[in-house]
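Asks: Please read through the structure below; I'll follow up with questions.
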Amino acid sequence: MDTLKFIYDKKLVAISRGVYGEDLLKAAQIINEEGVCLLEITFDQSSPSNLIDTPKSIEMVKKTLGDKMCVGAGTVMTVEQARAAKDAGADFALAPNTDVKVIHEMKKLGLIAVPGAFTPSEIATAYNEGADIVKLFPASILGLEYVKAFRAPINHIPLMAVGGVSLENVKEFLDNGFMSAGVGSHIINAKKIKAGDFEGVRSQAAGFVKAIN
């Protein structure tokens, strides 16, 4: 799999926060059936078992769905987490911040690196240190006017929008300088899944796929 090309082609990343194991596998299969082919499984930094839960879930999804689902490890904030993601079979790794040593480790491991940034300086630093894509996070806070302002001089850096991406604005982000968009609870909603509402997950996934196409 050419992971970078896959992200460029498929664009929509479903983000799983707080959903792991069999529940996540079921959700992953459902959203994949609806055309979502990129999944981010986050490390919960507050959980003492995050180095077990996230890698196990990555392994499970990759084993079941193979190349039908490109799987990233999210909220990768340490070198140890980057290594655990790679060992589990992750295709790419994302972070909410710009940490040079973590970016370097992602690249050393052969992962597509998607660190997070907010300011033009952070965006440029992340890219110059080896990021394949820079995640603008949180993307919705300052709106598209902010993006349009800094895109004029910084128009060569691939950006992924994450944070506040919804059914109403996802297409707008993709039409205004972003090559990809990450969506959290609007698709994989932990409360819905805990209640067994997997059809709600399916409906949201289908809605986002329709919105970007």
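Asks: Which distance in nm do the two modelled labels at residue 47 and residue 87 give, with both placed 7 Å along the Cα-to-Cβ direction?
Replies: Simple spin-label model gives 1.7 nm for this pair.
Asks: Can you list which of the GluC sites (Glu not before Pro) found in region 144-213 are DSSP loop residues with at most 12 other C-beta atoms within 10 Å?
Replies: Numbers: sites: 145, 168, 172, 199; in loops: 168.
Within region 144-213, the qualifying GluC sites (Glu not before Pro) (loop, at most 12 other Cβ atoms within 10 Å) are 168.
Asks: Something else: Taking H as built 1.01 Å from N, whose amide H comes closer than 5 Å to the amide H of residue 135, not counting residues under 5 places away?
Replies: 116, 117, 160
Asks: Set the bar at 22 Å for Cα to Cα. Now go through 171/192; 56/101; 86/107; 10/62; 86/192 and name every pair that lies beyond it. Working shown, then result.
Replies: On the way: 171/192 24 Å; 56/101 24 Å; 86/107 11 Å; 10/62 17 Å; 86/192 29 Å.
From 171/192; 56/101; 86/107; 10/62; 86/192, over 22 Å: 171/192; 56/101; 86/192.
Asks: Further, regarding this structure: Using the crude model of +1 on Lys and Arg Cβ and -1 on Asp and Glu Cβ, and no other charge, please compute the dipole size for the chain relative to its Cα centre, in debye to 20.
Replies: Dipole magnitude for the chain comes out near 100 debye.
Asks: Gain in length, residue 149 to residue 8, computed as 0.36 nm per residue apart minus the alpha-carbon separation, to one decimal in nm?
Replies: On the way: separation 141, 0.36 × 141 = 50.76 nm, distance 2.30 nm.
Extending this stretch completely gives an extra 48.5 nm.
Asks: Next question. Quick one, which of (i) 17.4; (ii) 16.8; (iii) 17.9 is the actual Kirkwood radius over Cα pairs in Å calculated for this model?
Replies: (ii)
Asks: So how far, in whole Å, is the C-alpha centre of region 1-41 from the one of region 153-213?
Replies: 11 Å
Asks: When 16, 46, 140, 180 are ordered from fewest to most other Cβ atoms inside 10 Å of their Cβ, what list results? Walk me through the numbers on the way to the answer.
Replies: Details: 16 27, 46 6, 140 17, 180 22.
If I rank by nearby Cβ atoms, fewest first, I get 46, 140, 180, 16.
Asks: Quickly estimate the mean residue ellipticity at 222 nm for the chain, helices only: each DSSP H run with n ≥ 4 gives -39500 (n - 2.57), and the total goes over all residues, rounded to 500. Write down the numbers at each step before the final one.
Replies: Details: 10 runs with 100 residues, N = 213.
Mean residue ellipticity at 222 nm (helix-derived): -14000 deg cm²/dmol.
Asks: Further question: Can you give me the distance in nm between label points at residue 166 and residue 195, each placed 7 Å from the Cα along the Cα-to-Cβ direction?
Replies: Reported label-point gap for residue 166 and residue 195 is 1.8 nm.
Asks: Given the Cα-Cα distance of residue 101 and residue 80 and 0.36 nm per residue of separation, how much length would full extension add, in nm?
Replies: On the way: separation 21, 0.36 × 21 = 7.56 nm, distance 1.12 nm.
Extending this stretch completely gives an extra 6.4 nm.
Coordinate-derived values only; no laboratory data. Small disclaimer: the values here were computed from a predicted structure and weren't measured. Cβ atoms come from the backbone with ideal geometry, glycine included; neighbour counts cover every protein chain shown.
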